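The values are calculated or read from the model by the stated rules, or taken from the named source; none is laboratory data. Quick caveat: nothing in here was measured; it's all calculated off a predicted structure. Every residue, glycine among them, receives a Cβ derived from its backbone with ideal geometry; neighbour counts consider all protein chains shown. All accessible areas refer to the heavy atoms of the entire protein, side chains included, with ligands and DNA or RNA removed. Shrake-Rupley method; radii C 1.70, N 1.55, O 1.52, S 1.80 Å.
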Amino acid sequence: MTILANAREQLEYWTNTRRQLHQHPEIGFEEVETTALIKRELEKIGVEICPLAIDTGVMAIIRGTKPGQGKTIALRADIDALPIQEQTGLPYASVRQGVMHACGHDGHTTVLLGAAKQIFETRDQFSGIVKLLFQPAEERLHGARSMIAAGVLESPAPELILGIHGGTETPIGKIGVWSGPFMASADQFTVRITGQGGHAAYPHRNKDPLLAAAHAVVALQTIAAREIDAIDKFVLSVCEFHAGTAFNITPADAVITGSVRCHDSKTRESVPDRIDRLVGGITSALNCTHKLEYVFGIPGVVNDPAVVQTLTTAAIETIGGENVIQLERPLMGSEDFAFFLEMVPGAIFRLGVGNAPGQVLHNPLFNFPDEALPVGIATMTAFALEHCR
Ligand code: NI
């Protein structure tokens with residue numbers, strides 16, 4: 001039986017698993033039941049579960065039994081849910097108030113379990129090692145780092161890593177691939193502007209930080225419009241503006257925060273100085289002072305071209321060339337999978353989840369389509385067999 005036919009034959013089982021996960025979502029680093037379910041399923045299959053010095057998340061290992069020296073690779077799925085109140089009305093909707101699998105990590109987890117079963121059952125066909133990484137807390141952006149700190153990339157060290165994420169731009173039954181810089185870095189800034197508060201009737205006696213902050217919000221858009229090469233992919237969004245306590249008091253300070261997304265690492269490194277110079281010029285012109293706090297969050301996801309090439313070849317053989325789409329454009333969103341890619345070459349691919357109404361990631365109506373499971377399972381399995389034989 002082909003890999004895809006085998007995955008399709010088990011669709012009912014994995015649909016049931018996916019719905020159990022969907023019904024019991026857990027926020028990042030609290031995935032206790034999810035971790036227990038993953039371990040139960042892996043034990044049923046017979047896969048070796050490795051000790052891991054973090055409370056949630058699972059690392060497991062499958063050793064090929066074919067004589068020879070195969071590669072060691074890692075497959076990664078994220079397992080956490082989001083703080084969103086589900087509105088799907090599905091019979092298996094979340095039983096937890098205000099927590100929901102609105103990003104499809106229930107689907108990713110199930111795909112990796114399904115792949116684990118197929119890879120384990122065909123372990124006589126390869127001689128390498130497949131590490132399975134069920135990662136906690138992707139949405140909280142620290143899960144990958146905590147797994148790396150717990151040693152998942154050591155003894156044996158994987159030579160490459162493959163990740164999966166649902167993509168609404170890709171139809172169900174297909175996967176989307178992209179070679180090179182694929183997802184943006186995600187950094188954040190906070191600017192506190194300080195003036196001198198006072199009576200609204202006598203602004204000439206005050207130093208107005210609110211007015212300075214308002215000018216700063218507008219001026220910050222000139223970074224994208226006038227400072228960064230238009231061909232470069234760059235977004236700066238101001239997302240919070242806090243100032244004032246009453247309608248007749250000029251406040252003493254104002255705070256703005258925002259998000260910066262880049263595809264180019266040199267551009268990324270240049271942003272704090274640009275913000276500091278612009279906001280500094282404006283605030284000093286308006287008799288105020290400022291303090292910038294800049295946090296480099298997640299690096300960009302750069303898909304290794306050689307890994308994407310093998311993935312594409314394996315996927316075409318397994319799910320058919322018509323179901324492997326070269327994506328039209330990269331993404332400005334971010335993924336903490338980037339931390340793995342800083343250590344090991346690899347790639348993340350998009351598993352088509354379609355774009356029906358409500359099928360928007362992080363939306364209260366989102367539901368991972370079970371029909372997509374076999375394609376994800378087959379793709380991950382084929383990739384592992386291709387690399388480890
Ligand atoms: Ni996600």
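Tabulated data
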read-out	value
Yes/no for T109 being among the hydroxyl-bearing types (S, T, Y), within 19 Å of V152 (Cα to Cα) and open to solvent by 10 Å² or more (accessible area, probe 1.4 Å)	no
Residue list for the range 57-81, restricted to those being within 16 Å of the ligand (Cβ to nearest atom) and either of a type in the set (G, A, S) or under 16 Å from R18 (Cα atoms) (or both)	G57, A77, D78, I79, D80, A81
Residue check, P357 free of Cβ contacts under 8 Å to residues at least 60 places away in the same chain, in a loop (DSSP other than H, G, I, E, B) and under 24 Å from R19 (Cβ atoms)	yes
Residue check for F340: within 16 Å of the ligand (Cβ to nearest atom), in a helix (DSSP H, G or I) and either at pLDDT 95 or above or within 26 Å of Q188 (Cβ to Cβ) (or both)	yes
Unmet criterion (only one of (1) more than 16 Å from the ligand (Cβ to nearest atom); (2) under 30 Å from G354 (Cβ atoms); (3) open to solvent by 10 Å² or more (accessible area, probe 1.4 Å)) for R140	(1)
Selection count where residues are on the phi < 0 side of the Ramachandran plot and open to solvent by 70 Å² or more (accessible area, probe 1.4 Å), scope the range 262-294	10
Restricting the range 360-389 to residues that are among the polar types (S, T, N, Q) and open to solvent by 20 Å² or more (accessible area, probe 1.4 Å), the residue that is farthest from P83 (Cα to Cα)	N367
G57 being over 24 Å from I3 (Cα atoms), open to solvent by less than 10 Å² (accessible area, probe 1.4 Å) and either within 22 Å of the chain's Cα centre (by Cα) or not hydrophobic (A, V, I, L, M, F, W, C) (or both)	yes
Subset tally (residues that are open to solvent by 40 Å² or more (accessible area, probe 1.4 Å) and of a type in the set (S, T, Y)) for the range 170-206	4
Check on A150, surrounded by fewer than 17 Cβ atoms within 10 Å (Cβ to Cβ) and either hydrophobic (A, V, I, L, M, F, W, C) or on the phi > 0 side of the Ramachandran plot (or both)	yes
